[in-house]
Amino acid sequence: MKCRSCREPAVIELRRHNAGFCAPCFLTYCRNQVVRAVEEHKMIARGERVLVAVSGGKDSLALWDLLLDLGYQADGLYIGLGIGGYSEPSGEYTRSFAEARGVTLVEVDLPGDFGYDIRSGAAADHRVPCSACGLSKRHIFDRAAVEGGYDVVATGHNLDDEAAVLFGNLLHWDVAYLARQRPVLPERDGFPRKVKPLVRLAEREMAAYCVLRGIDYQVEECPMSAGNRHLGYKDALNAVEERSPGTKAAFYHGFLEHGANLGAEIGEREREGLRPCSNCGAPTVGEICAFCKLVRRAGGNPNRRIPVSAGPVSAGPVSAGPVSAGPVSTGPVPAGPVPAGPVSAGPVSAGPVSAGPVSAGPVSAGPVSAGPVPAGPVSAGPVPADAALADAALATPAPGAKETAK
Ligand code: SF4
Ligand SMILES: [Zn+2]
Ligand SMILES: [Zn+2]
């Protein structure tokens, strides 16, 4: 198979686009898809400060890399969840990424800073672990963004994540959640704006991106992920995608196009009655917010300050404007000029990837071996389910809604 853009040998096939790409053109394709998502949904304006929710998984590290590469001022926030054997290496991958690029990484450690971990928090608050995890992440990212003066929080939800959540919400006709499943949640009611710049890119593509960029990431599954129903939804959609490539993207983007107002009234009603938590000030419908309750029940202290340093508040309107980031395609795959650059003719070698048009500082070499990325709708290479879950756990729930991982 040849690269659709430059006709050199392809290293990855994207069946939903009926196209293959060589390594440099694939990286350009990924950047273009992010630019297109940002522009289409007015996610981030130039000059705004972005806080990237990083878990150490492929999606969040790829997102951070892409945003930096596109010239955004993007800091990372990593939350140590206290999950033995999993959180430590996740933090190390994140730190290595940040150090290699000389970018700001804010770290919060649940046990060290707040006095609980996911297991103890879940048990004390009678939740499943992913619910306690999602609640904790949402609260801490929201608080960090507000206290740090960030304009927007970016999360690594990819197309597979969003399609699986949509599938689950439709199966249960959870209209309130459907109302909130948007690539952009505007800043309001004390919540920061949240964006999902990877919604046009599949999970497998994010794994390939990391391999080609030499980004080491956590490939192990979170031990708490067993039984998470979203994994089942992903499997079901992958089976459909296998038979009919492109269905997943059509499903999700069709929802954005046709279901924009689904549940809007419910969403409005849920916002009524919001008030500041009497302990931490976060918006909540009760006297005390769910995070403060959970931490107190677990014997911890919810009032620890998050070590963000408030940067300069960006000037200009909050609404996102057009982003210019080089040649941007307007179709589902880049059809415009792709920089020729040195195109590798064979399997992509591991280690620092020299990919012509991509520049993002040194990337750490690692144990990632990148031969041709196999085709297929299901994740190729190491695509840990937990990484997607960890990133996906950051969606903002409606005030008062029951907390789930998504
Ligand atoms: S699977 Fe994901 S959401 Fe669940 S506890 Fe682990 S990291 Fe958190
Ligand atoms: Zn090419
Ligand atoms: Zn609170």
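Every read-out reported here was derived from the displayed coordinates using simple, explicitly stated rules and does not represent laboratory data. What you see is a predicted model; the values in this text were computed from it and never measured. Neighbour counts are summed over all protein chains in view; Cβ atoms, including those assigned to glycine, are modelled from backbone coordinates with ideal geometry.
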Under a plain spin-label model, where a point goes 7 Å from the Cα along Cα-to-Cβ, how far apart in nm are Arg229 and Val128?
0.7
What is the distance, in nm, between label points placed 7 Å from the Cα along the Cα-to-Cβ direction at Asn18 and at Glu287?
6.3
To the nearest 0.05, what FRET efficiency results for Glu220 and Leu256 with a Förster distance of 35 Å applied to their C-beta separation?
0.60
Taking every other residue with Cβ under 12 Å from the Cβ of Ala264 and scoring Lys and Arg +1, Asp and Glu -1, one gets +1
How would Lys293, Lys196 line up from fewest to most surrounding beta-carbon atoms within 10 angstrom?
Lys293, Lys196
Final fewest-first order of His41, His172, His157 on the 10 Å Cβ neighbour count is His172, His41, His157
Rounded to the nearest 0.05, what FRET efficiency do Arg7 and Val175 give with R0 = 35 Å and r taken as the Cβ-Cβ distance? Could you check?
0.15
Net charge near Ser244: determine it from the other residues with C-beta under 15 Å of the C-beta of Ser244, scoring Lys and Arg +1 and Asp and Glu -1.
+2
Stretch Arg269-Val240 to full length: gain in nm at 0.36 nm per residue minus the Cα-Cα span?
6.9 nm
Where labels lie 7 Å past Cα in the beta-carbon direction, separation of Glu40 and Asn301 in nm:
4.7
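Using 26 Å as the Cα-Cα cut-off, could you pick out the over-long pairs in Lys196/Lys293; Lys137/Lys293; Lys58/Lys194; Lys42/Lys234? All intermediate terms of the calculation are to be shown ahead of the outcome.
Details: Lys196/Lys293 28 Å; Lys137/Lys293 15 Å; Lys58/Lys194 19 Å; Lys42/Lys234 28 Å.
Over 26 Å Cα-Cα: Lys196/Lys293; Lys42/Lys234.
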Report, please, the projected area of region 131-228 averaged over directions, based on the convex hull of its C-alpha atoms, in nm².
7.8
Expressed in angstrom and rounded, the centroid-to-centroid distance over alpha carbons for region 98-137 and region 182-255 is 21
